[in-house]
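These notes concern the structure reproduced below.
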Amino acid sequence: MLLTYNLHGQPSQIDVIIKKTYNQDFAEIPGLIENLKRTSDKVSEYLEIDYLWWRMISDFSQSTEKLFQIALDKIRNETNDEGDNYSKLFYFIYQIRYEHLKQHEFSKYISVLKLHFYLERIKAEDIKYSNALVRSLLELIEQSGIIMKYSLLLDAGINSAYNKSKLQSSLTRIENMKNSEYLSFDIIKLYYLGKLYFNIDKNYTKAKEKFIELSIICPDNKIFRDLIEECNKKCVE
């Protein structure tokens with residue numbers, strides 16, 4: 001996995017945090033995020049909630065769940081200002097993940113609808129944050145939200161051919177996303193794609209491909225290996 005390097009020949013702090021998070025190498029991450037907050041507040045907000053998500057699903061306990069909930073509530077409370085719609089996108093995508101984890105299906109669908117509401121207000125061309133990673137993350141969340149919306153419509157049996165086409169179009173768009181400044185963004189993209197293919201598109205062969213790629217990049221991540229096994233089981237059902 002290639003990483004971006006600064007002028008001193010070292011991987012950027014953001015790339016290191018992403019790689020360590022997805023390799024379940026958590027020990028140094030809190031300190032790295034605290035350092036990053038001094039210069040990149042919006043990026044550190046995302047990386048912190050992503051790190052706490054991975055801590056929770058890697059070692060689920062009352063304490064790891066509580067830390068994740070506190071961080072998620074903090075983002076929600078900070079987004080009461082109507083002007084901070086971008087942080088709302090961060091909030092809803094992790095709220096949806098959490099509700100899916102807890103099998104709260106009704107509240108998950110409500111959150112999907114709320115996410116879609118904010119997506120209608122924010123278009124990719126309106127994103128004004130200068131950081132290249134934040135722009136890519138917001139586009140990734142935008143396309144994921146579109147996929148969730150059309151999946152809901154498909155589940156309801158509404159205009160199936162059209163909605164399936166729109167869902168596939170957004171999956172293709174995510175597949176083609178690149179970030180030349182932060183190549184570790186590919187790790188996040190692969191995870192989104194794997195989960196979208198598995199949970200929504202039900203394309204377990206495609207999902208398996210993504211999780212295999214992730215396992216090569218992040219060999220210490222046990223969750224990726226487990227997901228490959230789940231895909232293998234689904235493929236033979």
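The values are calculated or read from the model by the stated rules, or taken from the named source; none is laboratory data. Quantities reported herein were computed from a predicted structural model and do not represent experimental measurements. Cβ coordinates were reconstructed from backbone atoms using ideal geometry, including for glycine residues, and neighbour counts include every protein chain displayed. Only protein heavy atoms, including side chains, enter the accessible area calculation; ligands, DNA and RNA are left aside. Shrake-Rupley method; radii C 1.70, N 1.55, O 1.52, S 1.80 Å.
With region 150-237 as the region, which helices (runs of 4 or more DSSP H) entirely inside it contain at least 2 residues that are open to solvent by 10 Å² or more (accessible area, probe 1.4 Å), modelled with pLDDT of 90 or more and acidic (D, E)?
In region 150-237, the matching helices (runs of 4 or more DSSP H) lie at 204-217, 222-236.
Being touching a residue at least 40 places away in the same chain (Cβ under 8 Å) and not acidic (D, E) is the filter here; which residues of region 30-55 pass it?
Of everything in region 30-55, those that are touching a residue at least 40 places away in the same chain (Cβ under 8 Å) and not acidic (D, E) turn out to be S40, K42, V43, Y46, I49, W53.
Return the residue satisfying two criteria in turn: it lies in region 138-181 and is under 20 Å from Y86 (Cα atoms) and hydroxyl-bearing (S, T, Y), and of such residues it is farthest from the chain's Cα centre (by Cα).
The residue in question is S170.
Grab the helices (runs of 4 or more DSSP H) fully contained in region 1-79, keeping just those with 3 or more residues being modelled with pLDDT of 90 or more and in contact with a Ser or Thr (Cβ under 7 Å, 6 or more places away or on another chain). Spell out how you get there, then give the answer.
Numbers: elements: 13-22, 29-37, 41-58, 62-78.
Result: 13-22, 29-37, 41-58.
For a quick check of your reading of the model, give me the residue pairs whose first member lies in region 170-183 and is closer than 16 Å to K149 by Cβ, whose second is open to solvent by 10 Å² or more (accessible area, probe 1.4 Å), with beta-carbon atoms closer than 6 Å and at least 6 apart or on different chains.
S170/I146
So L133 passes all but one of these: (1) surrounded by fewer than 16 Cβ atoms within 10 Å (Cβ to Cβ); (2) in contact (Cβ under 8 Å) with a residue 60 or more places away in the chain. Which condition number does it fail?
Status for L133: all satisfied but (1).
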